[in-house]
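The structure under discussion appears below in the form of structure tokens.
The values are calculated or read from the model by the stated rules, or taken from the named source; none is laboratory data. Keep in mind the model is a prediction, meaning the values are calculated, not measured. Counting neighbours? That spans all protein chains shown, and the Cβs are built from the backbone with ideal geometry, glycine included.
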Amino acid sequence: MFKDVLSIGGKPGLFRMVSHAKNYIIVESLIDGKRTPSYQNEKISLLRDIVMYGNSGEKRLNELFKAAFELEDGKKIEIDIKNNAQLQEFFAKVFPDFDRDRIYPNDIKKFISWYNILINKQITDFDIDSEETENTEETK
């Protein structure tokens, strides 16, 4: 299920694709279950393709979700998202080598929000099939 989760620029939350047509796809919100069209001109990203910057390289989002899942014992992340120092301190536990110049507090807030949505929907298998990963890297 994780491999099908989408983020859509300008829309809060996460989505999964339900159907597609020539110029748009129908997505379902993981927050409230509402279905809406999403058009080609919108920035649609599969979570499995998103990476975050580290000082010695990039890390895929699924690896970071897996680290947070282990750190939090499978529970939601409970943190004061208004406290930037606390956000960075928490994220340093998840990704010790994260690039503090390129990952902003808002990025960490989005990471926490997305993680909590996935936990609420019991989407906790963050593994990506190795064959799919190879295909994704070949298309870049």
Restricting attention to segment 36-47, and to residues there that are loosely packed, with under 12 Cβ neighbours inside 10 Å, modelled with pLDDT of 90 or more and not aromatic (Phe, Trp, Tyr), which single residue is farthest from residue 110 (Cα to Cα)? 41
List every residue pair whose Cβ atoms lie under 6 Å apart, where the two residues are 6 or more positions apart in sequence or sit on different chains, the first residue falls within segment 113-137 and is under 14 Å from residue 64 (Cβ atoms), and the second residue, located anywhere, is at pLDDT 95 or above and among the acidic types (Asp, Glu). none
Those residues that are in contact (Cβ under 8 Å) with a residue 24 or more places away in the chain, in a helix (DSSP H, G or I) and in contact with a Lys or Arg (Cβ under 7 Å, 6 or more places away or on another chain), I need them from segment 42-86; list them, please. 48, 62
Given the condition surrounded by 11 or more Cβ atoms within 10 Å (Cβ to Cβ), under 30 Å from residue 26 (Cα atoms), of a type in the set (A, V, I, L, M, F, W, C) and over 12 Å from the mean Cα position of the chain (by Cα), answer yes or no: does some residue in segment 71-93 qualify? yes
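Could you please give the count of residues in segment 14-30 that are surrounded by 14 or more Cβ atoms within 10 Å (Cβ to Cβ) and either over 30 Å from residue 100 (Cβ atoms) or touching a residue at least 40 places away in the same chain (Cβ under 8 Å) (or both)? Steps first, please.
As a first pass, look at segment 14-30 and keep what is surrounded by 14 or more Cβ atoms within 10 Å (Cβ to Cβ): 14-17, 24-30.
Restricting the remaining residues to those that are either over 30 Å from residue 100 (Cβ atoms) or touching a residue at least 40 places away in the same chain (Cβ under 8 Å) (or both) gives 14, 16-17, 24-30.
Residues in segment 14-30 being surrounded by 14 or more Cβ atoms within 10 Å (Cβ to Cβ) and either over 30 Å from residue 100 (Cβ atoms) or touching a residue at least 40 places away in the same chain (Cβ under 8 Å) (or both): 10 in total.
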Restricting attention to segment 26-73, the residues that are charged (D, E, K, R) and farther than 17 Å from residue 92 by Cβ number exactly 10
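Condition test on residue 119, is it under 16 Å from the mean Cα position of the chain (by Cα) and either modelled with pLDDT of 95 or more or surrounded by 11 or more Cβ atoms within 10 Å (Cβ to Cβ) (or both)? Walk me through it before giving the result.
Working: under 16 Å from the mean Cα position of the chain (by Cα): yes; either modelled with pLDDT of 95 or more or surrounded by 11 or more Cβ atoms within 10 Å (Cβ to Cβ) (or both): yes.
When the stated conditions are applied, residue 119 passes them.
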